[in-house]
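Data first, discussion second: the structure below is written as structure tokens.
The values are calculated or read from the model by the stated rules, or taken from the named source; none is laboratory data. All of these numbers come straight from a predicted model, not from anything done at the bench. Neighbour counts run over all protein chains shown; Cβ positions are idealised from the backbone, glycine included. Keep in mind that these areas ignore ligands, DNA and RNA; they rest on the heavy atoms of the full protein, side chains included. Shrake-Rupley method; radii C 1.70, N 1.55, O 1.52, S 1.80 Å.
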Amino acid sequence: MVGLRGKSIQEKYVLYIEDMEKILAECARVLKPEKFCTMIIGTNDNQLSKALDVPKEEVTGLHKIMINLARPYHFIPVRVLTRQISGIANTMRNEYIIILQKG
């Protein structure tokens, strides 16, 4: 499962990025031009700051990282929606719905 492999936070992050690149590559392979790929990404800034070894205030959210990872696969972000998460707000406050279009 994406995001659950690895022992340390750093290893989980590296494996997550590798897995997401594989997913983006597969989406690019199967989608026809001008079609859409939608991803829902939650970001935990505390864990991400530990994984990247940067202060929490300097963390780039996973949604922005995913948009950048998608560009080499010819995906263009057409819309990013933010949705507040209820129930685990102490861990993740928002999730991001990223709509990418294959160029």
Exercise. Of the GluC sites (Glu not before Pro) in the range 1-80, which ones lie in a loop per DSSP and count no more than 15 other C-beta atoms within 10 Å?
Worked result: GLU34
Problem set entry | the chain - mean residue ellipticity at 222 nm from DSSP helices (-39,500 (n - 2.57) per run, n ≥ 4, rounded to 500) | -12000 deg cm²/dmol
Problem set entry | Equivalent ellipsoid dimensions for the chain as semi-axes, Å, which come from the Cα gyration tensor, largest first | 24, 16, 12
For this session: Rank ILE17, ILE76, ILE85 by mean-square fluctuation in a GNM of the chain with C-alpha springs under 10 angstrom and give only the top-ranked residue.
Result: ILE85
Seminar exercise, completed: So, over other residues within a Cβ distance under 15 Å of GLN101, counting Lys, Arg +1 and Asp, Glu -1, the net charge is +4
Seminar exercise, completed: Given backbone amide H placed at 1.01 Å from N, residues whose amide H is under 5 Å from that of ASN94, ignoring those fewer than 5 places away on the same chain, are THR43, ILE85
Problem set entry | Filter on LYS35/LYS56; LYS12/LYS102; LYS7/LYS35; LYS7/LYS32; LYS7/LYS56 - keep pairs with C-alpha separation over 32 Å | LYS35/LYS56; LYS7/LYS35; LYS7/LYS32
Exercise. For PHE75, which sequence-distant residues (separation of 5 or more, or a different chain) have an amide H within less than 5 Å of its own amide H, given hydrogens modelled in the peptide plane?
Worked result: GLY103
For this session: Work out the charge dipole of the chain with +1 on the Cβ of Lys and Arg and -1 on the Cβ of Asp and Glu about the Cα centre, then indicate which of TYR16, GLY61, PRO33 is farthest towards its positive end.
Result: PRO33
Seminar exercise, completed: With all protein chains in place and a 1.4 Å probe, LEU15 shows an accessible area in Å² (nearest 10) of 30
Problem set entry | Distance between the range 5-28 and the range 44-64 - C-alpha centres, whole angstrom | 16
For this session: Please list PHE36, PHE75 in order of solvent-accessible area, largest first, computed with a 1.4 Å probe with all protein chains present.
Result: PHE36, PHE75
